[in-house]
Amino acid sequence: FISTATASNLSSVVEKAQQNHTIKMKQQQAEQNYNGIIIFDEAHKAKNLSSDTKTAKLVMLLQERLPNARVLYCSATGVSDIAHMAYATRLGLWGSHHTHYPTFDTFQSVLEKRGVGAMEMLALEMKRKGMFIARTLSWDGARFDTVTVHLTSRQVMKYNYAVKWW
């Protein structure tokens, strides 16, 4: 790359560079000081972090560039695979000196080894801490009846056998 400048336009180039540097400095300062909220609606669209999607990249970039911002992840879709939580860095479940998991990979590995039960326990713990709220559709207008079914002795025997086996 070769660039030439005359004395008359050199000061203009330097001035623009200084302005850009000043703008970048102010932007960085604003990013560091921003402590408002970022709301990720439809947050599950960032779940493919390992696939390096644009949405996942942007979610991660915003969280990195605004370290003091509060973050709210909103999704009507639950987590079916622990890998889909990687974008949710602000939950504080990994990467902090306050956790048992220095990285997301460590967190993921432990939960995957422990299976579905561990995922259920994680959801319960997150609900307890106010980090996770699960809503269901309204039951208004729904009707149900309780019906007593009388079992034969053979059905009772099969049920008891199944319970014992389980």
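List the chymotrypsin sites (Phe, Trp or Tyr not before Pro) within the range 113-162 that fall in a DSSP loop (any state other than H, G, I, E or B) and whose Cβ has at most 15 other Cβ atoms within 10 Å.
Loop-located and lightly packed - W139, F144.
Starting from the Cα of D52, step 7 Å toward the Cβ, then list every residue of the range 79-113 with an amide N under 20 Å from that point.
Taking a point 7 Å out along Cα→Cβ of D52, the residues of the range 79-113 whose backbone N falls under 20 Å are 83-88, 104-105.
Give the carbon-plus-sulfur fraction of the accessible surface of the range 13-166 in %, rounded to a whole number; probe 1.4 Å, heavy atoms of protein chains only.
Carbon plus sulfur share of accessible area: 56 percent.
Take every Cα pair under 8 Å in the chain that's 6+ residues apart, average their separations, divide by the length, and report that relative contact order as a whole percent.
15
Of the chain, which part is the longest with no trypsin sites (Lys or Arg not before Pro) in a loop (DSSP not H, G, I, E, B) and with at most 13 other C-beta atoms within 10 angstrom?
With a cap of 13 other Cβ atoms within 10 Å, the longest stretch comes to 1-128.
Given the range 74-166, report the % of alpha carbon pairs whose separation exceeds 21 Å.
Everything past 21 Å amounts to 54 percent.
Using the alpha-carbon centroid of each, what span in Å lies between the range 30-101 and the range 123-144?
22
Using just the helices of the chain, give the 222 nm mean residue ellipticity in deg cm²/dmol: DSSP H runs with n ≥ 4 each add -39,500 (n - 2.57), and the total is spread over all residues, rounded to 500.
-15000 deg cm²/dmol
Which of K24/K54; K54/K127; K57/K129; K45/K127; K24/K57; K127/K164 have a Cα-Cα distance over 25 Å?
K54/K127; K57/K129; K127/K164
Just to confirm, what accessible area per residue do you get for the chain at 1.4 Å probe, in whole Å²?
Value returned for the chain: 83 Å² of accessible area per residue.
Can you give the direction-averaged projected area of the convex hull of the alpha-carbon atoms in the chain, in nm²?
19.0
Running a GNM on the chain with Cα contacts under 10 Å, which residue among H97, H21, H150 ends up with the highest mean-square fluctuation?
The residue with the greatest mean-square fluctuation here is H150.
The values are calculated or read from the model by the stated rules, or taken from the named source; none is laboratory data. The shown structure was predicted, so the numbers you read here are calculated from the model rather than taken from an experiment. Cβ sites come from the backbone with ideal geometry, for glycine too, and all protein chains shown count toward neighbours. When the accessible area is computed, the model is the full protein with side chains, heavy atoms only, and any ligands, DNA or RNA have been set aside. Shrake-Rupley method; radii C 1.70, N 1.55, O 1.52, S 1.80 Å.
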